[in-house]
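*Asks:* Before I ask anything, let me first share the structure, which is written out below as structure tokens.
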């Protein structure tokens, strides 16, 4: 009995595949499901930290964290991959110091107000923002490293058509994040 169990385990080993690791900017469609896109050159690390900027009478604070092996599901399939990624938690305060919005309760990259990096190219990290209530403000945010203490923010949200069917009730649909190009955030 003991030998047949050991023999059965040995026979099953060839069927286990080792997870394949690829550079961070590998396109997910080009790798097998379950692959890992790793930040081999530590390109994401300079963006980690707390960053602050003032814009339009508001103070915006970004807390950027790095997450290793974040799992992403491919749309309309059962395929998935892992990727080292950056997540942004933000707080927007008005001129009087009152908090207008934050995304500190975001759990997943598909939650409203989630901001997660998708790729990095030439020192610019591209993030996907899911938008706020009813998806308002969804789109891309780009952060470019200027120096060890400064990054440049570019955010131009996409349009959203709202109807009583896809946006019920009376939610706050204000975009509080700065809609602008090349806003400088300073590291704190």
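*Asks:* Which residues, counting only those in the range 70-86, are surrounded by 13 or more Cβ atoms within 10 Å (Cβ to Cβ), in contact (Cβ under 8 Å) with a residue 12 or more places away in the chain and either closer than 27 Å to residue 105 by Cβ or out of contact with any helix residue (DSSP H, G or I) (no Cβ under 9 Å at 6 or more places or on another chain) (or both)?
*Replies:* Scanning the range 70-86 gives 70, 72, 80, 81, 82, 83, 84, 85, 86.
*Asks:* Can you confirm whether the range 120-139 contains a residue that is under 22 Å from residue 24 (Cα atoms) and without any contact (Cβ under 8 Å) to a residue 12 or more places away in the chain?
*Replies:* Yes, the range 120-139 has at least one match.
*Asks:* On to the next question. If you scan the range 3-43, which residues turn out to be at pLDDT below 90, surrounded by 11 or more Cβ atoms within 10 Å (Cβ to Cβ) and farther than 15 Å from residue 69 by Cβ?
*Replies:* Within the range 3-43, 25 is the sole residue that qualifies.
*Asks:* If residue 137 satisfies every condition in (1) closer than 29 Å to residue 23 by Cα; (2) modelled with pLDDT under 95 but one, which is the exception?
*Replies:* Evaluating residue 137 over (1) closer than 29 Å to residue 23 by Cα; (2) modelled with pLDDT under 95 leaves (1) as the failure.
*Asks:* What number of residues in the range 159-173 are out of contact with any helix residue (DSSP H, G or I) (no Cβ under 9 Å at 6 or more places or on another chain) and surrounded by 10 or more Cβ atoms within 10 Å (Cβ to Cβ)?
*Replies:* Count: 0.
*Asks:* Hey, can you tell me all the residues within the range 121-140 that are buried (at least 21 other Cβ atoms within 10 Å of the Cβ) and either in contact with a helix residue (DSSP H, G or I) (Cβ under 7 Å, 6 or more places away or on another chain) or farther than 18 Å from residue 156 by Cβ (or both)?
*Replies:* Matches in the range 121-140: 125 only.
*Asks:* Related question: Would you pick out the residues in the range 96-119 that are more than 23 Å from residue 45 (Cβ to Cβ) and either touching a strand residue (DSSP E or B) at 6+ places or on another chain (Cβ under 7 Å) or crowded, with 16+ Cβ neighbours inside 10 Å (or both)?
*Replies:* 99, 100, 101, 102, 112, 113 - these are the residues of the range 96-119 that are more than 23 Å from residue 45 (Cβ to Cβ) and either touching a strand residue (DSSP E or B) at 6+ places or on another chain (Cβ under 7 Å) or crowded, with 16+ Cβ neighbours inside 10 Å (or both).
*Asks:* Here's another thing I want to ask about it. Filter the range 23-57 for residues that are in a strand (DSSP E or B) and closer than 21 Å to residue 149 by Cβ and give the result.
*Replies:* 49, 50, 51, 52, 53, 54, 55
*Asks:* Between residues in the range 35-47 that are at positive phi and touching a residue at least 60 places away in the same chain (Cβ under 8 Å) and residues that are surrounded by fewer than 15 Cβ atoms within 10 Å (Cβ to Cβ) and outside any loop (DSSP other than H, G, I, E, B), which pairs lie under 8 Å by C-beta distance while being six or more apart or on different chains?
*Replies:* Pairs that qualify, where the first residue is at positive phi and touching a residue at least 60 places away in the same chain (Cβ under 8 Å) and the partner is surrounded by fewer than 15 Cβ atoms within 10 Å (Cβ to Cβ) and outside any loop (DSSP other than H, G, I, E, B): there are none.
*Asks:* I've got another one for you. Can you name the residue in the range 176-185 that is surrounded by fewer than 15 Cβ atoms within 10 Å (Cβ to Cβ) and without any contact (Cβ under 8 Å) to a residue 60 or more places away in the chain and, of all such residues, is farthest from residue 130 (Cα to Cα)?
*Replies:* Among those residues, the one meeting the criterion is 182.
The values are calculated or read from the model by the stated rules, or taken from the named source; none is laboratory data. Note that this is a predicted model, so its numbers are computed, not measured. Using ideal geometry, Cβ is built from the backbone for each residue, glycine included, and neighbour counts are taken over all protein chains shown.
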